[in-house]
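Worksheet: the structure to be examined is printed underneath.
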Amino acid sequence: RKEVEQDPGPFNVPEGATVAFNCTYSNSASQSFFWYRQDCRKEPKLLMSVYSSGNEDGRFTAQLNRASQYISLLIRDSKLSDSATYLCVVVTTSGTYKYIFGTGTRLKVLA
Amino acid sequence: GAVVSQHPSRVICKSGTSVKIECRSLDFQATTMFWYRQFPKKSLMLMATSNEGSKATYEQGVEKDKFLINHASLTLSTLTVTSAHPEDSSFYICSARDREQASYGYTFGSGTRLTVV
């Protein structure tokens with residue numbers, strides 16, 4: 001089983017739609033979680049951290065479910081500019097500090 | 001916010017030559033930097049953890065003699081791809097974190113697209 005798993009998509013949604021991505025992780029000792037966005041042929045950029053209590057930043061909401069070992073990202077009112085690959089990142093500190101990426105979920109918002 | 005500068009952004013080299021990639025943290029110190037590679041339409045794969053003043057820690061399957069990492073200062077880590085071959089062609093990205101802003105996650109360099117011909 002991979003350490004971090006995501007549905008690769010692609011998710012094709014119309015503008016204005018709400019879309020949700022999930023990401024599961026295998027290491028229960030994982031401590032920190034992030035969502036990154038990566039545009040084609042570019043480096044990943046931090047979208048938001050994920051907190052246990054859930055957090056919201058504008059149209060984006062991230063949630064963590066430690067019991068089921070998954071994190072989620074909800075995008076409301078999708079814009080064309082949201083088209084990108086969304087990567088979840090899980091940080092584990094058992095032994096060494098590791099920053100593990102999921103495979104990414106590709107989102108395409110259609111006009 | 002924290003900025004990581006990576007250079008060069010693109011390099012084409014002949015098979016058998018070595019290529020050095022630099023990763024600099026600007027305006028902050030990074031005791032740890034990570035090196036990733038990414039193949040087309042694939043996720044970032046961690047290659048190694050670069051530790052300032054000590055040897056890098058390599059992930060399983062990554063040849064330490066082929067991918068030399070040097071982290072001689074708190075703001076600079078270098079990755080040298082030695083005796084490069086076409087299968088080494090990939091997108092290499094480094095990342096670092098400002099310890100003072102740990103909750104903000106890691107910042108990535110802009111990446112280096114290596115093509116070995």
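Summary table
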item	result
Residue within the range B:49-56 that is within 14 Å of the chain's Cα centre (by Cα), more than 21 Å from A:Trp35 (Cα to Cα), within 11 Å of another protein chain (Cβ to nearest Cβ) and without any contact (Cβ under 8 Å) to a residue 40 or more places away in the chain present	yes
Hey, B:Thr49 open to solvent by 50 Å² or more (accessible area, probe 1.4 Å) and of a type in the set (Val, Ile, Thr) or not	no
Yes/no for B:Phe91 being within 12 Å of chain A (Cβ to nearest Cβ), within 23 Å of A:Lys42 (Cβ to Cβ), of a type in the set (Phe, Trp, Tyr) and in contact (Cβ under 8 Å) with a residue 60 or more places away in the chain	no
Matching option when the condition is in a loop (DSSP other than H, G, I, E, B) and surrounded by 13 or more Cβ atoms within 10 Å (Cβ to Cβ), among A:Ser72, A:Ser30, A:Ser53, A:Ser68	A:Ser30
Selection within the range A:3-25 - in a loop (DSSP other than H, G, I, E, B) and either buried (at least 19 other Cβ atoms within 10 Å of the Cβ) or at pLDDT below 95 (or both)	A:Glu3, A:Asp7, A:Pro8, A:Gly9, A:Pro10
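The values are calculated or read from the model by the stated rules, or taken from the named source; none is laboratory data. No experiment lies behind these values; they were computed from the predicted model shown. All Cβ positions, glycine included, derive from the backbone under ideal geometry; neighbour counts span all protein chains shown. Heavy atoms of the whole protein, side chains included, go into the accessibility calculation; ligands, DNA and RNA do not. Shrake-Rupley method; radii C 1.70, N 1.55, O 1.52, S 1.80 Å.
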